Each structure stands twice: as structure tokens, then as C-alpha cells.
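What follows is a single structure, written as C-alpha cells, with notes after it.
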Amino acid sequence: MRNKLLNMVSVGLLVGLTAACANSNSEMNDAITDNNATQGASAASEIESPLTEYLGLVLGMTDPEGAVHIRQRRAFRSEEITAECMNEKGFDYVPWPQGHWSWTTNEMEDTLRLDDPEWVSQLGYGISFGTTNMRINWGDAPLHEEGDPNREVFESLSNSEQEAWENALGRWGTYNSGDCRRRADAIIEAEQPAALFFSGEFRPLFEAWQEMSWSIASTEPAVQANEDWSNCMADAGQPGFPNQIDAQNSIGEEYFDLRWAERFSETTTAATNPKLADLQNREIDLALADLNCRVDTDYSARMAAARSAVETQFVNDYRSQLAALRDAAEQRGVDWTLWD
């Protein structure tokens, strides 16, 4: 599990944006998103990284099955904490982990095929087409899922009791640090292996890693690879993107803004929303030009080489600290990585 680094670049922006709405530890989200952004353009390819051995568990560098297990464990733990919190506040609540995000192994593997011309010609980066399977809740009611056992609990209450129950639980899209959902988020973040990297003993190592990650884009091989790619994009009628990740991010930012502005629901499609249809058409055109230019300039391989050189030097400089972090993360991560 630790010897492979899965690149999931085009979801990096969306993960960072939506996590920032649901998770108080924005520094952790930014760091993981920055890590994704330096991996190159290929979402499906597996690229060996000298850091995976040490930071695999901390930064979620895991295989699809392992990612699903961690997500499942987080869902169960979150519901366990939420139920305890609600009971402390005097409310009934039935743990329901099925209401959390649920990616299956196959969905994780099949979601992004950014090196496949046929896939890209139909779905672009997979952002505005919803292939990231990211569930964002736009309404105020927390009982948004069919089958939630708390629907019956909620409907048995009076109007005033329902409002108090919702406030205690935490309404979707609100950020009251005292509600039970936020409490669960805070506890889980503190329990996970990643928390070790961002505070205390390993904080200096995190800051050094962060500087190293940012430095990759400014190395001569990376600068030249992005310049060649950018010139190719301009020739293809897609100017204005100095770096490859900028193209994907431009779609992600526009799609995120559009979802909020138009208040998309699960039934919103290109057929029902002309603005979404226009964005999807532009996404396909941009992604196809991006793919062609990555191939023509050998972009992914050049960026992988640039990253590997910098990371190898970082491992050589900080090997003992990285090993200590890995060992500490593995000790803390037992409950998060094993699933029965």
C-alpha cells in the first residue's frame, strides 16, 4: 500500500474546496491539495515516489481499496461521536454511516481517465459532469438521504423541538463549532495520522516538506515543461494557462461557483441548465487540448522526473525525521487503515 502513489489531480481542487467547507483544519486540506497539484497530469497512472514510504499514511497516498476502508472507518467513527454528542445534549440520534460519502473501489478506479482520449472527449476532466461523485448538500435539512433512521426521530418532534434538534446536530452548510457534526470533525482530525504532521514534534518537518513541494514547480525542468505545454495550448486556441494545473483548476473554480449560484440538486443536468451545458462543452474542449499538449510535450514524464529529483533530495536530507513520522503514523493509524 505504501509503495504506490496514486495521482488524482483534477479532483484536488474540488476536494480542497469542499473539504474547506466541511472541515475546520484548512491547513491540512491545503497541504494535501498542494501535494496533489504537484503530481503531474495523469490521474490514472501510478508513479513511484520516494516519499510514499514515509508519508503514504499521513497524506493519504494509498490504493483505492485502502481509501475506501479509511472513508468507511471515518464514517462509522463520525456517527459514533455524533450520537454520543446528541445524547449529551438530550436528543435521540441513530448512528447512520451510510449517509456519508461512499465511493466504491470500482468507482475510485474508474472515475478519472485523463489519459484516455475517448473518455476525455465525453467527460473532459470529469469535473462539471459530476464524475468525482462528490456529494454536496445544499438544503438546510440534515435528513437529506432516503433510509436515514433519524427521519423518524425528527418527524416525531414538534416544530420547536425539530429546530433545536437540527441546531444541536448542525445544519448542512453552517459552521457552528459547537454543534455535534463539527465536534465529530474536530475529534476525528485530531485522531488521524495526518494530525501528527501538522503540529507538535513534526511541525518543522511539515514546513520543510511544504517548502519542498512548492519548490518543484520552480525547478528548471518543471518550468520548461510547463512553458512548452503552455505554448502548445496557445497554439491550440487555449491561451492563458501558464501551468498545466491551471487549466483543470479553471474548470473546477467555475463549476464550484456555478453549483452555489444555481443551487444544483441531484437532478440538475446539462439538459435542465444551459449554463452547465455551456461549461461542459468548454471543459471537453479544454481537456482535449490539454491531453494533446501533454502528449506532444511529454509533459507527465518530465514533471514526474522533476518531482522525483526534488523528493529524493528531501528524503536524503530528512530521512531520520521521516522514518520517525512514519512509525508514529502507523502506530496511530491502525484503527483507520484496518477494516473487518
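Structure data summary
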| quantity | calculated |
| --- | --- |
| Computed FRET value (nearest 0.05) for E191 with E118, which takes r as the C-beta separation and R₀ as 35 Å | 0.25 |
| Likely footprinting exposure, R294, R332, R319, fewest C-beta neighbours within 10 Å first | R319, R332, R294 |
| Phi to ³J(HN,Hα) by Karplus 6.51 cos²θ - 1.76 cosθ + 1.60 over region 179-193, Hz, x for Gly, Pro | 7, 6, 5, 5, 4, 4, 4, 5, 5, 5, 4, 6, 7, 6, x |
| Net lengthening on full extension, A270/R282 (0.36 nm per residue, minus Cα-Cα) | 3.1 nm |
| Sequence of T219, T267 once ranked by neighbouring C-beta atoms within 10 Å, starting from the fewest | T267, T219 |
| Length added when fully stretched, D228-L157, from 0.36 nm per residue minus Cα-Cα | 19.3 nm |
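No value in this document is a laboratory result; all are computed from the given coordinates. Given the structure is predicted, the values throughout are model-derived calculations rather than measurements. We place every Cβ from the backbone using ideal geometry, glycine too, and count neighbours over all the protein chains shown.
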